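Asks: My questions will all concern the structure given below.
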Amino acid sequence: MVMEVIRPTKTILNTQQQKIPVTIVTGFLGSGKTTLVNHILKEQHGRKIAVIVNEFGEIGIDGQLTIADDEEQIVEFNNGCLCCTVRGDLVRTLEDLTKRADLDAVLIETTGLADPAPVASTFIVADEIKSKFSLDAFVTVVDARNLQQNLKDSHEAQEQVAFADIILINKIDLVSDKDIARVKQQIWELNPIAKIYQTEHSEIDLSLILGTKAFDLEAKLEVDPSFLEDLAHEHDAAIGSFALTSDRPIDMNKFMLWMNDLAQEKGEDLYRTKGLFYAQGFQERVLFQSVRMLTSMRRDRLWKTDEPKLTQLVAIGRNLDREEFVKGFEKCVV
């Protein structure tokens, strides 16, 4: 989705000679990308930023959680990755942005399964884009607790770290100093030149990630000499996603017990679940998230008066049985 975020402070207009800088936020599923985007949007940075959010699943949960106001225009970028199936949508959206009011920057949050190289090549190869936009930096968010397993399971996770200009080791509050040191060593082995920062809840000084001009084409070619060839990216066929929905209330106690059993049973194959719930006994939307074995649940905002109360849950993983999930989910419906 695309959101034009306008702050009530002075902006710097882009001229014909000044290209619009683009910051691309990458990171594996559940690393904290959306949290970082929201952190950026909450800061009074004095810039007008267009935000593009891409999700792998057929329903956009992250987009519903991204900060929005009445000035924003939204375009869905769901059920496909910018690195492959929806790259044409990205080009058209960027062209549309240049026709609107002047922008100071573009922020792109890719899906957690995106290969960064094909996304970057769009800005280097596409004539209609490279004349108006410049890549400022690839900012990769990694989950300090799950990085080792993510790197083991996913080629995309490896590429996201290797391709980064700036890496945020996130969720450091969940691990020990020894674990952080191990994570740093893993990162250095894949990418010895990226700047590394440690974060909790993806909070960081924006001057360290925006307007850094950290993207270096020659360095990227050393990581992947073929990425300018615009090669098609293919995802692991065993990895998929599906969405479950209900317009009836959900018993969250039953749901949490079911999800805990699933996490134990599916182990490392259940990469990510995220959902907004119409929960029995709650006036607010309830946000549920899981990253592998770690789960969390919290109250979100109140339901709007003209908003249909609906539960939407997205699951992403390897060799998941949709029918098995449907049967378990239905037992939690009141």
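The values are calculated or read from the model by the stated rules, or taken from the named source; none is laboratory data. Just so it is clear, the model here is predicted, and its values are computed rather than measured. Backbone-built Cβ (ideal geometry, glycine too); neighbour counts: all protein chains shown.
Asks: Only residues that are part of a loop (DSSP other than H, G, I, E, B), over 13 Å from ASP269 (Cα atoms) and without any contact (Cβ under 8 Å) to a residue 12 or more places away in the chain: list them for segment 286-334, please.
Replies: LYS304, THR305, ASP306, GLU307
Asks: Hey, any hits in segment 153-165 for a residue that's under 19 Å from the mean Cα position of the chain (by Cα), crowded, with 16+ Cβ neighbours inside 10 Å, modelled with pLDDT under 95 and over 16 Å from THR140 (Cβ atoms)?
Replies: Yes, segment 153-165 contains at least one residue that is under 19 Å from the mean Cα position of the chain (by Cα), crowded, with 16+ Cβ neighbours inside 10 Å, modelled with pLDDT under 95 and over 16 Å from THR140 (Cβ atoms).
Asks: Okay, moving on. If I ask for residues that are farther than 28 Å from LEU221 by Cα and in contact (Cβ under 8 Å) with a residue 24 or more places away in the chain, which ones from segment 147-185 would you list?
Replies: LYS171, ILE172, ASP173, LEU174, VAL175, ASP179, ILE180
Asks: Right, something else. What is the residue count in segment 264-285 for residues that are assigned to a strand (DSSP E or B) and within 19 Å of LEU113 (Cβ to Cβ)?
Replies: Number satisfying all stated conditions: 6.
Asks: Okay, moving on. Among the residues of segment 188-199, which ones are at pLDDT below 95 and farther than 15 Å from VAL25 by Cα?
Replies: TRP188, GLU189, LEU190, ASN191, PRO192, ILE193
Asks: May I pose another question? Go through segment 301-334 and report how many residues are touching a Phe, Trp or Tyr at 6+ places or on another chain (Cβ under 9 Å) and either of a type in the set (D, E, K, R) or closer than 28 Å to ASN170 by Cα (or both).
Replies: Count: 11.
Asks: Among the residues of segment 275-291, is there at least one that is loosely packed, with under 13 Cβ neighbours inside 10 Å and of a type in the set (Lys, Arg)?
Replies: no
Asks: If I filter segment 187-207 down to residues being assigned to a helix (DSSP H, G or I) and surrounded by fewer than 18 Cβ atoms within 10 Å (Cβ to Cβ), which single residue comes out as nearest to the chain's Cα centre (by Cα)? Write out each step before concluding.
Replies: Initial filter on segment 187-207 (assigned to a helix (DSSP H, G or I)): 187-190, 206-207.
Pick out the ones that are also surrounded by fewer than 18 Cβ atoms within 10 Å (Cβ to Cβ) and you get 188-189, 206-207.
Values: TRP188: 23, GLU189: 24, LEU206: 18, SER207: 20 Å.
If we take residues in segment 187-207 being assigned to a helix (DSSP H, G or I) and surrounded by fewer than 18 Cβ atoms within 10 Å (Cβ to Cβ), then LEU206 is nearest to the chain's Cα centre (by Cα).
Asks: Would you point out the residue of segment 222-263, among those that are among the small types (Gly, Ala, Ser) and part of a loop (DSSP other than H, G, I, E, B), that is modelled with the lowest pLDDT?
Replies: ALA232
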